[in-house]
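*Asks:* For reference, the structure I am asking about is given below.
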Amino acid sequence: MKTKILKQNQIDEAVNFLKNAELIALPTETVYGLAADATNEEAVSKIFSAKGRPSDHPLIVHLDSFNKIQEWVEEIPDAAIRLAHYFWPGPLTMILQKRKNVSDLITGGLETIALRIHKHSIALRVIEKLGTAVAAPSANAYKRTSPTKPEHVLKALSGKIAAIIDDGRCRIGLESTIIDMTSAVPVILRPGAITRLMIEPVININIQEPLAHQQKVPGNMAVHYQPEKPLFLISMEEIRRRLPQEKNVAIMHHSDIIETKNATYYRMSRNKSEYARNLYATLHTIDATQVNKIFVEKPPFHNEWLDITDRLHKASST
Ligand code: AMP
Ligand code: MG
């Protein structure tokens, strides 16, 4: 199969592929998603084979409008309605009780379902024209670094998917926040751009936020988001200490450092949003070089940076 690269105005072509049970990669504000018609089991099963993803890993279903939510969930708690009104469309995924008729293929056999309305006008238009919803995990090979640019998608999935809509670089660059709304006290399962401190005032409940890499939920394992090169998440002191013994290492840092000849340096922003936007792209760039390992300076210890810290923990080899 030759993967077709579609422009932003080729929405009808994208919709036709989905109607024919094919997979297409869609831009969102977080990362590129690998979309299939969520109401077509044949199409959804192709996601697992294209990614090499185990079939018990649940998928996120993307809607284009809040009115469609009843087709997927049994009931929606008041707090979830408030979050939907406040943060959708946006980088927030909610776990809710699924309706009985929702395919086990989507939920990995769970009684719950992950739902989101993302904020990307082209991808929303595709879903609207399709008339149903799409199941869409990140468009990368299983456990690998998520794609934030079309070339990242093509590197992993070219020839395995019908098409990609090219809309350049993703604005946020990290996956959505996932919040489980099925318990009395909501729990953040995966930190993202929408933080606990942003959510709490909207629902007036103190929510739980365990570090997501410690969570034991299907599809959320300790090793994930991995670049091909081994990655070590260490302090700047540790980088300085280990550096003289290294021959060919990439260093991602946000603090000042004096550059040496035995390393390639990737200066990251001290601005959190900018750092997030460039994180995966930098890892993809480093993967294409000849270095044999990656040292990443630990990000600031601050609630706002929790999503970045979480992804780096999961990407690290230690
Ligand atoms: P991805 O779309 O590849 O970024 O991954 C989807 C994420 O959603 C994984 O971390 C899953 O564990 C999570 N997820 C999807 N459905 C559920 C669910 N019903 N309960 C808990 N987590 C879920
Ligand atoms: Mg993923």
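*Asks:* Taking only segment 51-65 into account, find how many residues are within 12 Å of ligand 1 (Cβ to nearest atom) and either surrounded by 18 or more Cβ atoms within 10 Å (Cβ to Cβ) or under 16 Å from the mean Cα position of the chain (by Cα) (or both).
*Replies:* Residues flagged as within 12 Å of ligand 1 (Cβ to nearest atom) and either surrounded by 18 or more Cβ atoms within 10 Å (Cβ to Cβ) or under 16 Å from the mean Cα position of the chain (by Cα) (or both) within segment 51-65 amount to 8.
*Asks:* Quick check on my filter: what residues within segment 40-59 are of a type in the set (Lys, Arg) and either at pLDDT below 95 or part of a loop (DSSP other than H, G, I, E, B) (or both)?
*Replies:* Result: Arg53, single match.
*Asks:* With the checklist (1) touching a His at 6+ places or on another chain (Cβ under 8 Å); (2) of a type in the set (Ser, Thr, Tyr); (3) part of a loop (DSSP other than H, G, I, E, B) in hand, flag the one item Tyr265 doesn't pass.
*Replies:* (3)
*Asks:* Going by the structure shown, is Thr318 surrounded by fewer than 20 Cβ atoms within 10 Å (Cβ to Cβ) and in a helix (DSSP H, G or I)? Lay out the reasoning, then the answer.
*Replies:* Values: surrounded by fewer than 20 Cβ atoms within 10 Å (Cβ to Cβ): yes; in a helix (DSSP H, G or I): no.
In short, no.
*Asks:* Pairs please, first residue from segment 50-62 and more than 25 Å from Lys119 (Cα to Cα) and touching a residue at least 12 places away in the same chain (Cβ under 8 Å), second anywhere and outside any loop (DSSP other than H, G, I, E, B) and β-branched (Val, Ile, Thr), Cβ atoms under 8 Å, 6+ apart in sequence or on different chains.
*Replies:* What qualifies is Arg53/Ile47.
*Asks:* Identify, please: which residue in segment 154-206 is among the β-branched types (Val, Ile, Thr) and in a loop (DSSP other than H, G, I, E, B) and is, among those, farthest from ligand 1 (Cβ to nearest atom)?
*Replies:* Applying the filter and picking the extreme gives Ile205.
*Asks:* Quick check: is even one residue across segment 222-233 over 18 Å from Thr145 (Cβ atoms) and either assigned to a helix (DSSP H, G or I) or at pLDDT 95 or above (or both)?
*Replies:* Scanning segment 222-233 turns up no residue that is over 18 Å from Thr145 (Cβ atoms) and either assigned to a helix (DSSP H, G or I) or at pLDDT 95 or above (or both).
*Asks:* For a quick check of your reading of the model, give me the residue pairs whose first member lies in segment 127-145 and is within 29 Å of Ile308 (Cα to Cα), whose second is surrounded by fewer than 24 Cβ atoms within 10 Å (Cβ to Cβ) and β-branched (Val, Ile, Thr), with beta-carbon atoms closer than 6 Å and at least 6 apart or on different chains.
*Replies:* Ala135/Val44
The values are calculated or read from the model by the stated rules, or taken from the named source; none is laboratory data. All values reported here derive from a predicted model rather than from experimental measurement. Here Cβ is always computed from backbone atoms with ideal geometry, including for glycine, and neighbour counts include all displayed protein chains.
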